Each structure stands twice: as structure tokens, then as C-alpha cells.
Amino acid sequence: MNGNDVSSDQVIAKLLEMGFENSNAMEAVKEAGPSFDDALEYILNGGCRNNQRASSSSRCSTSKVKAPGKRALPSSNPLGQIRQSSILDHFQSSSRPKRSRTDVVPYVSVSRSEKVHDPVDQCVEVLSELPPVDCLDIGSDWQKKANSLLQKHFGYLSLKSFQKEVLAAWFAHKDTLVLAATGSGKSLCFQIPAMLTGKVVVVISPLISLMHDQCLKLAKHGVSACFLGSGQPDSTVENKAMRGMYNIIYVCPETVLRLIKPLQKLAEIRGIALFAIDEVHCVSKWGHDFRPDYRRLSELRKNFSACNLKFLKFDIPLMALTATATIQVREDILRSLSMSKETKVVLTSFFRPNLRFRVQHSRTSPSSYENDFLDLIDMYTGKRGIGEMKQMIISEEVNEVLGSSSNSSMSEADCISENDLDNFEDGNSDRYDEANSFQENGSSASKGRELSVEYLENDLDIFQSVNDWDVSCGEFCGQPLCEDLNTRKETTSEVLDLPSQSEERRRLLQEPLEKGSTIIYVPTRKQTLKIASYLCKCGVKAAAYHAGLPKSRLRQVHKMFHENTLEVVVATIAFGMGIDKLNVRRIIHYGWPQSLEAYYQEAGRAGRDGKLADCILFANLTRAPSLLPSRRSEEQTKQAYKMLSDCFRYGMTSSSCRAKKLVEYFGEDFSYEKCLSCDVCVNGPPEMQNLRKEADVFMQVIAAHDRQSRNRNDSYDDATSTDIRRESYMGRLNLRMIVSKIREQSQQFMATELLWWQGLLRIMEGKGFLREGDDKTHVQLKFPKLTELGLEFLQSEKEKNFYVQPEADMLLSASMPKSFSTFSEWGKGWADPEIRRQRLESFRHNRKPQDFAGKRGKRKSRKQRRRKPSGNSPSLGTVRGRIEARLSKQSIRTRSSNH
Ligand SMILES: Nc1ncnc2c1ncn2[C@@H]1O[C@H](COP(=O)(O)OP(=O)(O)OP(=O)(O)O)[C@@H](O)[C@H]1O
Ligand SMILES: [Mg+2]
């Protein structure tokens, strides 16, 4: 553009794009006419009355020479330096008489020649001659400045108290560890320093999608940012970033370690305000998303300390942030990152008062979709009738994604065979077996296709996406601020902070749940496709998201989700950390998460506008969850089991407030008695039961077995052979054996399910009466052993009662028709009139035609194919059917092993 023959509107637009304020641009055009050059000249010469942002450039550019440099900017891609200058100018208050040695934004202030340079070269040339910038001379009224920046750029009224605390620590050159709830506003803690000082903030983040999201948001709010790494499509961005062209640089840990030298140079010429390590729980092996490269970030402390870089007066502060770190993880973070001894730990409550947690039993297989997603489908399809649904006209764009999502199961034909789909039908059970064999063998390596990373979603899903996002644009220049930014502050208020009054909470909880978006998290990639396609068929605008899908599709889903074109995203962990969409009203976990950290992190995507949101966990409460295969050391496997076990216990509890359990898991003392909104608080805990007799009989069986083993070992007292040791191993009692012995001994417990005893086992373990008998970690006790305390309790005559609240599996078992683990028990059961009556009743109820036909239509599942084609063949839906299927499976296994 030559700047002369354009309309006023175009000139104004161009000036706005360059970062000048609307009022100044308007005034310039009014005074200087509709010529771009003249208008720019007018502003740069200080013609504008209200010459704030624009004058930043002019005031800083003490000569007019700057103008040609700016004019040289490509119109569609104005360089960050102008925008940065305008932001910085905001706190270079005009009252400051002259720039001191530590003044900010030096590089836009000087231009030494009349010659039109490449702006990048120009700025570097200038920068390199400027005195080093090593202290935060932003004045003691930084809080006021920060608040005004906050209002101006983000439209929020004021900083939250934890944000103030973090910024105060940073201002005092301290390292900080920020532990604050999901959605509480941690990002601002590292964004504000960039805006306050004009120095660069380097943010280490684990996911390109997250970096991309944040850069886009910042650009919208007038802050220039970029992300680096192999996901960065524009090769010039890294160079520009290292020359100080962006306020905020997002980078993954691998890349920041590669860029140590250029960053040291950048620290010298432009200044680095801080290194922020977002989602810092990734540092820890004890966390849920361990990334080995995060551990190497201790290099930052070494390479950016004042003793290493002579131009620094203080170490460049580290700011580590997460919403999901247990106490153990926190200690590991401080140690692993070599954070200073004076590190300020800013800890806020992890409690999210507007989230309603619920756990619901489900097989989480296709046969349960209909039941489990009924409400969701009703809600989205509203009054649409079935016929109407089928003919529903969806916009072309949505159609494309929906079509491809439902077809994607086809397009994935290479990796999803029909057998896989059969396996999938069995839901957790297959994974359970796999995980057990996986654990027994202690390694994931070469376990065949079932254990391959393609088969199950695993940690690699995150890692693959780190540098692998094809984004259309890699630099995000701050856009001029819109006038209507302030509208946000009404919706995002301090609601995410703890409401102080329970009245206030009650009011919040009485609000109706709005429609909003839903994310369904599932453990496997295949499930994302299955469920998305099911929902689409039911008329919901849903799409799948997992790291194995084409990157362009992922981007499209991401975009449509943010634009509310999609109602539901069915995703794996790849769609987790940091996603900040205000109106996510429902987070559904369909299948056990791998840890409470992952669960809470993903649940934290909900209700970020402070309004009520639901977090529902659908899980098979009759089975212990399985560990998804991944490359782990022995130590990590142990830890992974521990985390999975904690998650399982969370799901099984029926007596403790869910929110309380969650925040206590992260080491917080829950300051409320209960959250008032989770399923336990709403439904109330189950009645206490005195289970002294049951606990006694359980422990007696173990004690008797221990006595026998001891006697047997005594008779071989000098034998230390492997055979004997093996025998004692083989002789260890597992739950199934214990229950079998109980049934042999006592007719009274004949009908008590294994499931019920499993719950009691956990309760007794929780009381400290039982412990694991082998040295491995399991999701729940595999070989229960009596502890001293247990023995004492068993022998105690005084302690007559054992009042406890039954766990979810115990309640479930009580509500389900009885089953038996062996045929002999089954046979014995018929002798009991009550059991006989129950069985006959259950037969009558369960003998539905579809049990025999198979719900899945033409193709029969592997289980169905295995079943004998007898007309009397019992349904898998009945108790007896299940037992027979199990037994026939066992006998097949035995036969094949005999052969
Ligand atoms: N002082 C504030 N006043 C009002 N809203 C704020 C304030 N600070 C941040 N927010 C808003 O809160 C929302 C969540 O912020 P952010 O994404 O930084 O959360 P987070 O703590 O990083 O969460 P997560 O742990 O899930 O990544 C954003 O939409 C942000 O704009
Ligand atoms: Mg965040």
C-alpha cells in the first residue's frame, strides 16, 4: 500500500492493526486526511491529543526515522515490535522523566539511520547496543499497573488474590511454585509480567494445541506471542523470537533446551522476565503425565542465573504452575527443577465449587450407550423427534466432520479389524486381563498387538501431539483491543474462588444446568470413534478426537468445539490439559481414568465460567480397572498402579463427599463438611451396617491358612529350595479362594457375592487390618494378609461391633441377582429357598429375546460365536449364562494348556 489512495476506513483499519488506538487513528485521519502516510506521520509527530499507545512509538522513537521502518511492515503481518511498544508504553508512565538504565522497551526507542532496514535486523542492531536489562524497574505501584493492564487487555476488574501473591514473589525475583485449581487463572500469572516489563516471558508447555490456543487468545487481547518447536510451520518465527519480536514465547521442553544459547543472548539484549513452566506436574515421575524432558529443565536454573550470566543482577525467576500435584509431586518438582531454597509456594484451594461430581455404574460398552447417553441425547436433540432427527439438516461444515467421524471407523480399517471390534465389545474385561498379564510380566515390551500402542490409547498420545500440530500460522501478533472486551467480566467473575457462605453455594447449586458443550473422555481411541458415531446417529453434533487422527481433522474439531458448532467431543487424554472453553457444562468419563490427577485435570475443563457444571464418571464398579500399557520402569509401574488404585477407591466410595475426597487427595484440608452437590452429598451415605461377623469370618480364613502354611513350612524348616518357596507362593490365598472357603464353612454366606467381599476387603484394608501379601502393587489387594492390628481385632473380645458404610460394589451386589463362582456352589445354592426364588425370578426377567439374538445385528461377537448353538443356551444377560460362559472359557483355556 502506498498509503495515499485509500479510504479513511482502510487507513483507520491499518492504523488499528498496527496497534494504535482507535481514537488516535480517527483523529489522525480527520486531521491529516485519508492518506496512510500522512495519518501515520501525524500520529508519530505527536499530533494526537490522546496520544498514548501511538505516542509510545513516537515518544520512544525520538526521531521520525522510525516511521519508514514501520511503513515497511507488511500490511497483513505487522510486526510485534509496534504492538509491544504500545503495551509497554502503558506502564512507562508519562510521569517518568527520562529512561533510566533499566527502562523497558529499549529497542523500539532508537533507530539510528535514515536507511530503511529490515525491521528485524534493525531491532537487533539497536538492541545489542543497549545496556543490559536485568532488574524489574516497574515501580512500586506495579499492582495498580497490573490491574489497569488486566482491565485494558482482558476486561477483568482486578487480579485475584493468589495472582497478586504470585506476581509479588516474581517482582521480588523469587522462584514460585503455583498450585491453584483448574480454571483459576494461572496463565495470567506469567502473562502479566511480559506486559508489565516489556521483557520476554518464556513459557514451557507440554502440548502444541495448548500453546496454539493461548497464543490465539493473547493475540486477541493485544499481546504478541508465538510458539516454537517442530510444530511451528513458519521457520522464520524462531529467529524472530530470539531477536525479541514477541512478548511471550511458548515452547515445549525439548525445544527450550535446544535454545539455551540464543535465549541467553535474548536475555542480554531484550531481557527475559521469567521462565514459566506450565503443567509442571509433568516433571514428576509421581505425577500423571510424566515427560522425561521436563526433568531436564533444571538446566534453566543453571544457565540463567546471575552467577553464570554476568549481565544479570538476579537469577531469572522460574515460575512453575499446576492444578494437579500431590504433596509428593510438589517436592519432586522443587527438587527436580533445582528451584531456589527461597521458592515461594503459592497454594490455593483445589476445590471447584461449581462442579457436581457423580459416579455411575456402567459396563461402559456399546450395550450400555443407550442407557448412559439417553439424557445427553435428549438434551441436545431436544424436541427433535426420531424421524426429524434422521433428516436433521446439519450445516455443511459440521456434516463434514460428523461424516468423517462416523466414517473414521471405516477409514481406520487398517488398524481396526472386526476382531478388534469384538474385543472392544467386551469392554473393560479384555483390558483387565491384559493389564494383569502385563503386570505379571512386568513389561509392556513385545506383548503382541494387544499391548501395542496402536491398540490402546496411552501416554504417547500426548507425546505424539507435542510437536505435531499443523497450524496455519505460527506467530500471533497482538491485535488491537476490541471495545467490547469488558463484557467478559460479567461471566468470568471471582466465582471460581471459594464462595465464603454456604448460602451462596446453595444458590449456585440451585441454578439450572445450562446446555453448553460436553466432553466425553474415554480410554481408547476406538471408543472415541464408536461413541462419536453413536451420538451422531442419534442426532447429536459430536466428533471424535485422538492423536491418531489426521492433524487437519484435529484442528477442525478443536475450532468447531470452540465455536460451539460441535456439541460433544469424544476424546482421549489428548484433549485434556489447559483447554479453556468457558461453557463446557459436562465432562463425562466413560471408563476408569488412570489416576485421580488425570481425572481432576480433565474434569477441570468444565464450568470455567463459574456456572454450574457436571462431572460424571461412568465406570464398571464390578471390576478393578486396568492399567493401560505404556513404557514404564518397574518403579513407574508400581506408581501407576498406586494412582489407579486411588482412582478406583474414589469411585467405590459411597460414604465420603467426592469433592472432599478429591481435594484431600491433593493434600488439602477440605474446609467444608461437604460439597452439597456430589452424588454422595445429594443422596446421602448408605446406612451403617455392623459387619463384625463377616469381618471375623474373613479374617479367620486367612488366619487359619497362615497357621497351616507356618506348620507346613516348619516341617521343612531346613529346606530353602525354590520348590518349597514356590509352594508357599502358590498356597497364598486370593480373594476368590477366601470366599470359596467361607462358603464351604458357612451356609449363611452361601449367597454372598464375591463382589460384596471385595468391598469388605477394601474396607478392612482401609482400617489397617489387612495388607498385600506379595511385594507387588495391585489396584486392590490380591493376596490379603492379616496385619498385627487385624489379628488384634480378630482376637479382641471387647470389640463386638464393626460398623461400616458399605462401598459401591457391596451395594451393587446387594441389588443384583446372586451368582456363584463354581458349579458346586451354584448347585448348593438351589437348596436355599430364598436363593431359589431369586433365581427363578431373575430367569423370568432376564430371558429376553435379544439376549439370544445378540444386539449387534448381523455380526456375532467373539463371545457369541464361542457359545454353543444350543436352543437352551442361557443368555449372557442372566447370571447362569455369565457363569457358564466363564466356565466354558476356563475349560477352553485348560484344554488348550493341557494340549
Ligand atoms: N483476575 C481474573 N478475573 C477474572 N477472570 C480471570 C482472571 N484471571 C484469569 N481469568 C480467566 O479464568 C479463565 C481460566 O484461566 P486459565 O486458563 O489461566 O486457567 P488455569 O488456572 O491455567 O487452568 P488450567 O489448570 O485448567 O490450565 C480464563 O478464561 C481467564 O481469562
Ligand atoms: Mg493453564
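The values are calculated or read from the model by the stated rules, or taken from the named source; none is laboratory data. Worth saying up front: this structure is predicted, and the values here are computed from it rather than measured. Cβ sites come from the backbone with ideal geometry, for glycine too, and all protein chains shown count toward neighbours. Surface areas here come from the heavy atoms of the whole protein model, side chains and all, with no ligands, DNA or RNA. Shrake-Rupley method; radii C 1.70, N 1.55, O 1.52, S 1.80 Å.
Quick one: in segment 253-265, which of the residues that are of a type in the set (A, V, I, L, M) and more than 27 Å from H221 (Cβ to Cβ) is surrounded by the most Cβ atoms within 10 Å (Cβ to Cβ)?
L257
What pairs come out if I take residues in segment 272-284 that are within 11 Å of ligand 2 (Cβ to nearest atom) and pair them with residues that are of a type in the set (D, E) whose C-beta lies under 9 Å away, six or more apart or interchain?
Hits for this filter: E279/D289.
Can you name every residue in segment 691-746 that is open to solvent by 80 Å² or more (accessible area, probe 1.4 Å), modelled with pLDDT of 70 or more and under 28 Å from R623 (Cβ atoms)?
The answer is K693, Q700, R736, E744, Q745.
From (1) more than 14 Å from ligand 2 (Cβ to nearest atom); (2) open to solvent by less than 10 Å² (accessible area, probe 1.4 Å); (3) more than 26 Å from S338 (Cβ to Cβ); (4) assigned to a helix (DSSP H, G or I), pick out the condition that doesn't hold for P193.
(3)
Select, from Y250, Y246, the only residue that is within 16 Å of ligand 1 (Cβ to nearest atom), of a type in the set (F, W, Y) and open to solvent by less than 10 Å² (accessible area, probe 1.4 Å).
Y250
Among residues belonging to segment 644-685 that are of a type in the set (S, T, N, Q) and surrounded by fewer than 22 Cβ atoms within 10 Å (Cβ to Cβ), point out the one that is nearest to A808 (Cα to Cα).
Ranking the candidates gives T653 first.
From K240, K285, which residue is in a helix (DSSP H, G or I) and of a type in the set (K, R)?
Result: K240 is the single residue among K240, K285 that is in a helix (DSSP H, G or I) and of a type in the set (K, R).
For segment 570-588, how many residues meet the condition of being away from ligand 1 (no atom under 16 Å from the Cβ) and either under 14 Å from F373 (Cα atoms) or among the aliphatic types (A, V, I, L, M) (or both)?
3
Out of the residues in segment 154-190 that are farther than 15 Å from M339 by Cβ, aliphatic (A, V, I, L, M) and assigned to a helix (DSSP H, G or I), which is most open to solvent (accessible area, probe 1.4 Å)?
Filtering first and then ranking leaves A168.
Consider S205 carefully, then state whether it is within 16 Å of ligand 1 (Cβ to nearest atom) and either in contact with a strand residue (DSSP E or B) (Cβ under 7 Å, 6 or more places away or on another chain) or over 27 Å from L312 (Cα atoms) (or both).
yes
Within segment 582-610, restricting attention to residues that are in contact with a strand residue (DSSP E or B) (Cβ under 9 Å, 6 or more places away or on another chain) and on the phi > 0 side of the Ramachandran plot, which residue is nearest to ligand 2 (Cβ to nearest atom)?
G607
Can you list the strands (runs of 3 or more DSSP E) lying wholly within segment 560-643 that have 1 or more residues being modelled with pLDDT under 95 and either open to solvent by 10 Å² or more (accessible area, probe 1.4 Å) or closer than 30 Å to E504 by Cα (or both)?
none
All but one of (1) assigned to a loop (DSSP other than H, G, I, E, B); (2) within 30 Å of S645 (Cβ to Cβ); (3) away from ligand 1 (no atom under 16 Å from the Cβ) hold for S305; state the number of the condition that does not hold.
Among (1) assigned to a loop (DSSP other than H, G, I, E, B); (2) within 30 Å of S645 (Cβ to Cβ); (3) away from ligand 1 (no atom under 16 Å from the Cβ), the lone unmet condition for S305 is (2).
Suppose we filter segment 779-810 for residues that are surrounded by 19 or more Cβ atoms within 10 Å (Cβ to Cβ) and not in a loop (DSSP other than H, G, I, E, B); how many remain?
Residues meeting the conditions: 8.
Check segment 526-546 and report whether any residue there is within 16 Å of I208 (Cβ to Cβ), touching a Leu at 6+ places or on another chain (Cβ under 9 Å) and either away from ligand 1 (no atom under 16 Å from the Cβ) or open to solvent by less than 40 Å² (accessible area, probe 1.4 Å) (or both).
Yes, segment 526-546 has at least one match.
I'd like the full set of residues that are farther than 16 Å from L735 by Cβ, modelled with pLDDT under 90 and among the basic types (K, R), limited to segment 760-812.
Answer for segment 760-812, where residues must be farther than 16 Å from L735 by Cβ, modelled with pLDDT under 90 and among the basic types (K, R): K798, K800.
Can you pull out the residues in segment 510-559 that are among the aliphatic types (A, V, I, L, M) and either in contact with an Asp or Glu (Cβ under 8 Å, 6 or more places away or on another chain) or not in a helix (DSSP H, G or I) (or both)?
L513, I519, I520, V522, L529, V540, A542, A543, A544, A547, L549
How many residues are aliphatic (A, V, I, L, M), within 14 Å of ligand 1 (Cβ to nearest atom) and either within 21 Å of Y294 (Cα to Cα) or in contact with a Phe, Trp or Tyr (Cβ under 7 Å, 6 or more places away or on another chain) (or both) when one looks only at segment 178-200?
Number of matching residues: 4.
Every residue in segment 294-328 that is surrounded by 23 or more Cβ atoms within 10 Å (Cβ to Cβ) and either in contact with a Cys (Cβ under 6 Å, 6 or more places away or on another chain) or closer than 18 Å to V283 by Cα (or both), please.
Within segment 294-328, Y294, L297, L300, P317, L318, M319, A320, L321, T322, A323, T324, A325 qualify.
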